[in-house]
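Below: one structure, written as structure tokens.
The values are calculated or read from the model by the stated rules, or taken from the named source; none is laboratory data. The shown structure was predicted, so the numbers you read here are calculated from the model rather than taken from an experiment. Using ideal geometry, Cβ is built from the backbone for each residue, glycine included, and neighbour counts are taken over all protein chains shown.
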């Protein structure tokens with residue numbers, strides 16, 4: 001959906017008003033606000049993948065197989081400082097997770113002006129159980145002059161190892 005400049009201005013004002021009501025910033029661009037609901041993320045679990053490990057002390061490498069990879073994507077918006085931080089769990093339907101390296105990130109700006117998106121990540125420790133149950137992603141938008149670019153809408157993709165979770169009563173998979 002494409003909005004003209006008049007509608008975009010009205011939607012920007014509407015966004016500001018809604019943010020005041022809910023008490024937090026809404027990560028949505030005008031196209032998404034125009035319908036009052038939008039898909040925030042998508043996820044696909046690919047089983048049967050391999051992860052290559054390299055030894056630190058003894059030379060060589062080995063493969064661990066099979067592993068499950070989570071391939072997730074979504075759209076976010078940088079703030080007034082050109083940065084946004086979010087959790088992967090806010091964009092996937094699974095509420096019980098266990099993640100590990102490697103984590104691969106890709107960000108694509110959805111604007112017509114020249115800019116760049118760079119991303120970093122941190123695997124978040126589970127405060128209750130052993131392991132890591134989330135990925136914190138930080139995205140930075142930059143103009144061609146190297147200065148932070150505010151209010152940049154971007155699509156992102158994250159691919160991460162999704163470890164099996166086994167409970168005393170049985171296993172619960174990613175789609176449970």
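Set side by side, the residues 80, 73, 49 differ, and just one is within 19 Å of residue 154 (Cα to Cα), at pLDDT 85 or above and surrounded by 10 or more Cβ atoms within 10 Å (Cβ to Cβ), which is 73. Considering every residue within the range 144-154, establish whether at least one is assigned to a strand (DSSP E or B), more than 17 Å from residue 75 (Cβ to Cβ), touching a helix residue (DSSP H, G or I) at 6+ places or on another chain (Cβ under 8 Å) and in contact (Cβ under 8 Å) with a residue 12 or more places away in the chain. So far as the range 144-154 goes, no, none of its residues is assigned to a strand (DSSP E or B), more than 17 Å from residue 75 (Cβ to Cβ), touching a helix residue (DSSP H, G or I) at 6+ places or on another chain (Cβ under 8 Å) and in contact (Cβ under 8 Å) with a residue 12 or more places away in the chain.
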